[in-house]
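Data first, discussion second: the structure below is written as structure tokens.
What follows draws every value from the coordinates through simple rules; no lab data is involved. It should be emphasised that the depicted structure is a prediction, and the values quoted were computed from it without experimental measurement. Cβ sites come from the backbone with ideal geometry, for glycine too, and all protein chains shown count toward neighbours.
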Amino acid sequence: MSTDAVGRAYPRLEGREKVTGTARYAVEYPVDGVTYGWAVPSAVVRGRITRVDTAEALASPGVLAVVHHGNAPRLAPGLEADLWLLQEPTVHYRGELVAVVVATSLEAAREGARLVRIDYDAGPHSTVLTEDHPSLYKPDHVNPSYPTDTEEGDFDAGYAAAPVRVDATYRTPAYHNNPMEPHATTARWHDGRLLVHDSNQGASSVRAALAELFELPRESVRVVTDHVGGGFGSKGYAKAAVVLAALAARHVDRPVKLALTRQQLFGPVGYRTPTIQRVRLAADTDGRLTAICHDAMSQSSTILEFAEQTAVYTRSMYAAPHRRTTHRLVRLDVPTPFWMRAPGGCPGAYALESAMDELAVAVGMDPVELRIRNDTPVDPDQGRPFTSRNLAACLREGAQRFGWADRDPAPRARRDGRWLVGSGVAGSSHPARARPSSATATARPDGGFHVRINATDIGTGARTALWQVAADALGVPPERVEISIGDSDLPNAPVAGGSMGTASWSWAVIRACQALRGKLRDGVPTEAEVSAGADTSEEVGGQPDLPRYAYGAQFAEVRVDATTGEVRLNRMLGVFAAGRVVNPTTARSQLIGGMTMGLSMALHEEGLLDERYGDWVNHDLATYHITGCADVESIEAYWLDEHDGELNPAGVKGIGEIGIVGSAAAVANAVFHATGVRIRDLPIRLDKLIGVSDLA
Amino acid sequence: MRPFRYHRPTEVAEAVAVLGAEPQAAYLAGGTNLVDLMKLGVQRPDVLVDVTRLPLDTVEELPDGGLRIGATVRNSDLAAHPVVRRDYPVLARALLAAASGQLRNLATTGGNLLQRTRCVYFQDTGKACNKRDPGSGCAALHGQNRDLAVLDWSEQCVATHPSDLAVALAALDAVVEVHDTDGARDVPLAALHRSPGTHPERETTLAHGALITAVRLPALPAARRSAYLKVRDRASFAFAAGSVAAVLDLHGGVVRDVRLAYGAVAHRPWRAYRAEEELRGRPFSAELAAAAADAELTEARPLRHNGFKLPLTRSITVRVLTELASS
């Protein structure tokens, strides 16, 4: 029996609490005897702390302690080195958090942080990725475990022999995740147990990290993550705030609240690496690709190797007999880059989908048609058929909805007063994966049900979606279902990331609910509660290794001021094939949010690094521009009715990332169509297009 | 915490007396800039004198046709004032092009004129800045300087003044009414802000303790045909990449009078006197407007990342004047 809760546009369960300000975030819980931590960033890029003078800070009213490598509680080594905080005097990058001041008020902690005197022995540094950097190397694999390079056929020969060729290099700057809520934690110790309220994307993995760092059994650590004000990947694992708060709380033996500042979000929590990407495409005269090569360069820190999987997107997107992808990395004196919404796919698709647009121009073919012509039912990388691939359907439906058929392919051919107007398209794809999860379902004598799973709602609507899934799996109206998420005391569940959350969690929820129904035989318990649990490790692990992807097509229309070069978006439209959509309201938010973030990447965002200081100087929201509402004049997202039986019990593919993939290319391609000028380094700001009427 | 004392006087004389006696005191109005800078450690006053209870929050029409704007009139209220909208559209448009609705509801007329530069090096106590820390050097000169000055900068400072309002007021020949311990006096807006020179930490000609009490706009019938054009990196809530305030008085196609001021190019709102000279008395054309802008910018010295400001300023000059000419 299904009640069809899935597919309905329920408002978020916690919507009222959020809009009335009563939903509690990590540092908003009232705690007796709480103190406040303020993190101190390093003032040098690379070197060694030779002395920490805490006298003045400690003399400042309200300051309780200055925790640094010389006095901090010891952490177990061996876990991710980025988390081994306050353990050694080494400084790896400017802004690395090297001390925490704890005080009785936030203001006192901030003032204390200003008064800590740290002397450094600083060395020379290298902080800028260049294509001829002497330290470029080939990593063993790229994030998370893809092969670094791939080769099929003979790219060089195929490329040389082709009648049509495109060879272009694209550059993207550092992008910073900038969730609205910073990384923030309230940490308390009691009887050797650690309780944290923390802003993250997966409390189970944060608990595991804390247990390992503090050498505690996992049962002695509890991580509560009820509401999260965004993460975009940067909260996908334990980060500095939670470790520093726990260290500080242990040191002062009092609860500590610690939130990073906006400035501290530019670095210590990860960011999207700058990339330099060379794409070469070859085709025959009717647009059929014969050779594809994507060479990507990115950076990591000296602490850890994080190799963005930039060119992996290209391995499975379009078919050609000769294909090559490579990744090269430089370890710089910078913070470690990390996940940011669609790592790899987002920057990679910008390059490939831009190059496809350049190829369309070179062949003299419509860019929608070019993509459809190079569509493939078989994954070029794995050699197996895709479980479902509706790229062409997305392109066709998008073209129809957008009004693409009327488009004059000639660039720089439309004018609206002072504006040059143009439109662009891009394809997009994102892997549809799932990870093992566990959940429990309980039937109560009052006819209600309670489903428990340590899923995380980072603002996406995950809590509501799982509640809908549970109701259908139980065969009851959702009003009878209560759902608990966001607490590591609940059954273990994977991170909200990789567009895998709903797929993974709903799998366990459905299995738990099915198990419960099996126990109940469709009855209702008369006296005691009846519970059933599920762990999908075996089932997920036993899934055949098939190419599973979500697809999309983004369309953008821009206008560019012919003299000043200002770029504005007239409209943007995306059509997606992402399996089953659980909740149209929250799904639409995810999709247009991703598209907006892609627009932001194309036109606005850029981490500006000053090589002399080795850090990003525009580290606030006044100078690091993120697309605002006024920049989004019209945006629409649609999805196809897609049923793919090879995915997971809920039939979902994940929608958190597909929206951003391709969006920047669609906007950049529209700028080319408007102006006839191809800007290959993002963001496309007016200084790159000023006097565009004289540029082409 | 770093304690500071807080006063909220109700009389101008009291405010001036309190502040004048405290070398490290600052006036607090809307707080939209000062509070941020205090959090960043860029400004560290011992005493805050809150001026929002002073009787300075009215807009008054003057007998000569001018307008007197109290220093604590909020930006939102000023932008919505019917006389401002009718007689000085350049002012209303400049106000509405600035910041966000929430900030405009707090920010005041006087405070807006005194806001500090948004140069990222000034705002970061970990970086060299002569304006924040005299003698420490100017990191912006050879740093990320896309947003900074092209005119009138010095080796010591390349900051720009961030205000939109001030640019419109410069074009309107506004007069700033100031109170200090010696009493009241008038300061022409053009004489309020300083060039950076060797003392970029001195941003205005006001002595310590001086309080802006009002801004007076002279009667200027020509200002009914006026406009403010701001170009920025996103559609809203961004400081100007370039801006121009213009008043144009055409008679039979000939420029009888013109007022032109630029934002985002210098340490102060930049009244474009040379451009005005080029325009005045000549038959208006887009070519003339371009030549006038070029004349103004002949002494411009772009930095590594901001050369675009020259063609940008030129093109917005042409656009705003052409639009005014045809309106």
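A simple spin-label model places the labels of A:D681 and B:S326 3.6 nm from each other, with each point 7 Å out along Cα-to-Cβ. Computed from the Cβ-Cβ distance with R0 of 51 Å, the FRET efficiency linking B:Q43 to A:D167 stands at 0.45.
Among A:W467, A:W404, the order by Cβ neighbours within 10 angstrom, fewest to most, reads A:W404, A:W467. When restricted to Cα atoms, region A:1-129 yields an Rg and a Dmax of 21.1, 69 Å, respectively. The Cα atoms of chain B cover 61, 50, 35 Å along the three principal axes, with the biggest extent listed first.
Restricting the trypsin sites (Lys or Arg not before Pro) of region A:491-595 to loop positions (DSSP other than H, G, I, E, B) with no more than 12 neighbouring Cβ atoms within 10 Å leaves A:R521. For region B:55-200, taking Cα atoms only, Rg and Dmax work out to 16.9, 52 Å respectively. For region A:279-306, the residues whose backbone nitrogen is under 17 Å from a point 7 Å from the Cα of A:H141, taken along Cα to Cβ, are A:305-306.
Fewest neighbouring Cβ atoms within 10 Å first, the residues A:Y93, A:Y159 line up as A:Y159, A:Y93. The spacing between region B:88-160 and region A:330-363, judged by their C-alpha centroids, is 34 Å. Modelled this way, with points 7 Å down the Cα-to-C-beta line, the labels at A:R568 and A:R117 are 5.5 nm from one another.
Taking every full run of DSSP H in chain A, the ones that stretch at least 20 Å from end to end by Cα along their long axis and average -1.0 or higher on the Kyte-Doolittle scale are A:345-363, A:501-520, A:584-603. Centre-to-centre, using Cα atoms only, region A:480-516 and region A:558-591 are separated by 30 Å. With a cut-off of 15 Å on the backbone N, the residues of region A:58-84 near the modelled label site 7 Å out from A:E305 along Cα-Cβ are A:81. Counting only alpha carbon atoms, the long axis of helix B:286-296 and the longest principal axis of chain B meet at about 40°. Among the trypsin sites (Lys or Arg not before Pro) within region B:256-319, those in coil by DSSP and having at most 16 neighbouring Cβ atoms inside 10 Å are B:R280, B:R304. With R₀ fixed at 51 Å, the C-beta to C-beta distance from A:D694 to A:R480 puts the FRET efficiency at about 0.15. Between A:R218 and B:V35, the C-beta separation translates, for a Förster distance of 35 Å, into a calculated FRET efficiency of about 0.20.
Normalised by 2.2 N^0.38 Å, where N is the number of residues, the alpha-carbon radius of gyration of the protein assembly as shown equals 0.99. You can think of it this way: the chain between B:E155 and B:E201 has 15.2 nm of extra reach, that is 0.36 nm per residue less the Cα-Cα gap.
Spatial offset of region A:59-126 relative to region A:390-452 amounts to 44 Å, using the alpha carbon center of each. For chain A, averaging the sequence separation of C-alpha pairs within contact (under 8 Å, six or more residues apart) and dividing by the residue count gives a relative contact order of 16 percent. Entry note, the protein assembly as shown: the mean residue ellipticity at 222 nm calculated from DSSP H runs of n ≥ 4, each adding -39500 (n - 2.57), is -7500 deg cm²/dmol after division by the residues and rounding to the nearest 500. Ordered by the count of other Cβ atoms within 10 Å of each Cβ, fewest first, A:K138, A:K235, B:K230 give A:K138, B:K230, A:K235. Taken about its Cα centre, region B:224-325 carries a charge dipole of roughly 360 debye when the Cβ of each Lys and Arg holds +1 and the Cβ of each Asp and Glu holds -1. Axis of helix B:309-325 versus longest Cα principal axis of chain B: the two differ by about 60°, to the nearest ten degrees.
Take the Cα radius of gyration of region B:224-325 and divide it by 2.2 N^0.38 Å, with N its residue count; two decimals is plenty. Compared with the compact-globule rule of thumb, region B:224-325 sits at 1.03. A straight chain from A:T585 to A:D32 at 0.36 nm per residue would run longer than the Cα-Cα distance by 195.2 nm. For region A:578-696, rounded, prolate or oblate, judged on the Cα gyration tensor with a ≥ b ≥ c (square roots of eigenvalues), a/c < 1.5 rounded, else prolate if a/b > b/c? Prolate. With contacts taken as Cα pairs under 8 Å and at least 6 residues apart, region B:224-325 reaches a relative contact order of 26 percent.
Within region A:505-570, the GluC sites (Glu not before Pro) that combine a DSSP coil assignment with at most 16 other C-beta atoms in a 10 angstrom radius are A:E527, A:E529.
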